[in-house]
Amino acid sequence: MGTLWFWIVALMLVAYVVLDGFDIGVGIAYLFVARTEPERQQAMRSIGPFWDGNEVWLLAAGGTLFFAFPLLYASAFSGFYLPLMIVLWLLILRAVSIELRSHSAEPLWRTFFDALFTLSSVLLAIFYGAALANVVRGVPIGADDYFFLPLWTNWQPGAHPGILDWYTVTGGVLALVALSVHGSLYLALKTEGDLEQRSRSFAMKAWPVLLLLTLAGLPLTVLARPHSLDSYLAHPVLFVIPCAVLASLFVVVLATRRGSAMTAFLGSSVYLASMMAGAVIGLFPVLLPAVGSEGRDITIANALAGSHTLHIGLVWWTFGILLAILYFSVIHWLFRGKVAQNAEGYGH
C-alpha cells in the first residue's frame with residue numbers, strides 16, 4: 001500500500017505539472033507574444049475554461065499527502081513554510097489578475113493586471129522548480145523529524161543548505177524555461193494568426209536553452225545528491241526515462257518546424273511528465289532525503305498512515321479521480337479547437 005500511494009501522489013503531481021503548467025506557461029510568454037489588446041484577450045480566453053480546474057490537482061495532491069503520509073506532510077509543510085506562503089500569495093495574485101483584468105477597459109488597469117499575471121506566473125515557475133530541487137537535494141531533518149530552512153546560507157548544497165543555492169536556482173530556471181515552452185506551444189495550438197506564429201517562434205527560441213539545461217540537469221543532480229542514481233543502477237531498464245526526456249524534446253522541435261502544433265504540445269507534455277518521473281524514481285523509496293548526520297530520511301516506511309486509513313482512502317480516491325477525469329474530458333471536449341479573436345468572455 002505504501003508503494004501504491006507513493007505513485008498515486010506522484011501521478012497527481014505529474015498531472016498538475018502538465019495541466020497547470022500550460023496556463024502558467026501562457027502567463028510567462030504572455031507579454032512577449034500577445035502584443036495587442038485582441039491578442040491578449042485571445043490568450044486569456046485560451047486558458048479561461050481550464051486554469052482554475054487545473055489547480056485542483058495541486059490541492060488534491062496535498063490532501064492525499066495529508067492522509068497517506070502524515071509525517072511527510074507535517075515535516076515538509078512546517079520546514080517549507082516560507083516558500084509555501086509565497087506560492088500561496090502568487091497563486092492568489094495570479095487568479096486576481098485573470099479575473100479582474102476584464103472588469104475595466106481602462107488601458108492602465110489592464111496593463112497593471114497584465115504585468116501582475118506575467119510576474120506571478122514567472123515567480124511561480126521558479127519557486128516550483130526550486131521546491132522540487134530542494135526535495136531532490138535533501139533538507140537538514142532533525143532528530144524530531146522536523147527541519148528549518150533559511151532563504152539561503154552559503155549557496156552550496158551540504159549539511160546546512162538554504163532554500164536557495166546553485167542547484168535549486170538552476171532547478172528554478174529550468175522550470176521557468178520548460179513551462180514557457182509548454183505554454184507557448186499551447187498558445188500555438190489554441191490560437192491563430194500572428195499570435196500563433198509568435199508563440200511558435202517563442203518556443204523555438206527557448207528550446208535550445210531548455211535542451212542545455214536538461215543536459216546539465218543529470219550531472220548537477222548527481223553532484224548535489226549522489227544517491228539519486230541508486231534506483232537507476234539497481235534497475236538499468238529505468239534509464240528509458242532519461243531517454244524519453246531527450247526524445248520528447250526532439251519531438252517538440254521537429255513537430256514545431258513541421259507546423260504540427262498538437263504533436264509539439266504532446267511532446268512537451270511527455271517531457272514534463274518524464275522529468276517528474278525521473279526525479280521521483282531517483283528518490284524512491286525516500287520521500288524527503290535528510291542531509292547532515294542528525295536526522296533520518298523520511299521514507300515510505302516511516303511516514304505511512306495506518307492500514308485502515310489507506311484502504312478506505314483508496315475507495316474514495318478512486319471515485320474522486322474518476323469524477324475528475326470525467327470533468328476534464330468534458331471541459332476539454334467542449335472547448336476544443338482554436339480560440340476566435342472575436343469571441344466574448346473567457347469561453348470560445
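What follows draws every value from the coordinates through simple rules; no lab data is involved. Everything quoted here is computed from the prediction, not taken from an experiment. All Cβ positions, even for glycine, are placed from backbone atoms using ideal geometry, and neighbour counts span all protein chains on display.
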Is one or more of the residues making up the stretch 80-88 over 20 Å from the mean Cα position of the chain (by Cα), hydrophobic (A, V, I, L, M, F, W, C) and not in a helix (DSSP H, G or I)? no
The stretch 238-342: helices (runs of 4 or more DSSP H) wholly inside it with 3 or more residues that are within 22 Å of the chain's Cα centre (by Cα) are 240-257, 261-283, 307-334
P157 vs. criteria part of a loop (DSSP other than H, G, I, E, B), surrounded by 14 or more Cβ atoms within 10 Å (Cβ to Cβ), of a type outside the set (G, A, S) and in contact (Cβ under 8 Å) with a residue 12 or more places away in the chain: yes
Unmet criterion (only one of (1) within 23 Å of the chain's Cα centre (by Cα); (2) crowded, with 16+ Cβ neighbours inside 10 Å; (3) closer than 18 Å to A29 by Cβ) for R198: (1)
G278 vs. criteria more than 30 Å from A43 (Cβ to Cβ) and of a type in the set (G, A, S): yes
Filter the stretch 296-321 down to the residues that are out of contact with any Phe, Trp or Tyr (no Cβ under 7 Å at 6 or more places or on another chain) and either surrounded by 15 or more Cβ atoms within 10 Å (Cβ to Cβ) or touching a residue at least 12 places away in the same chain (Cβ under 8 Å) (or both) and list them by number. R296, D297, I298, T299, A301, N302, S307, H311, L314, W317, G320, I321
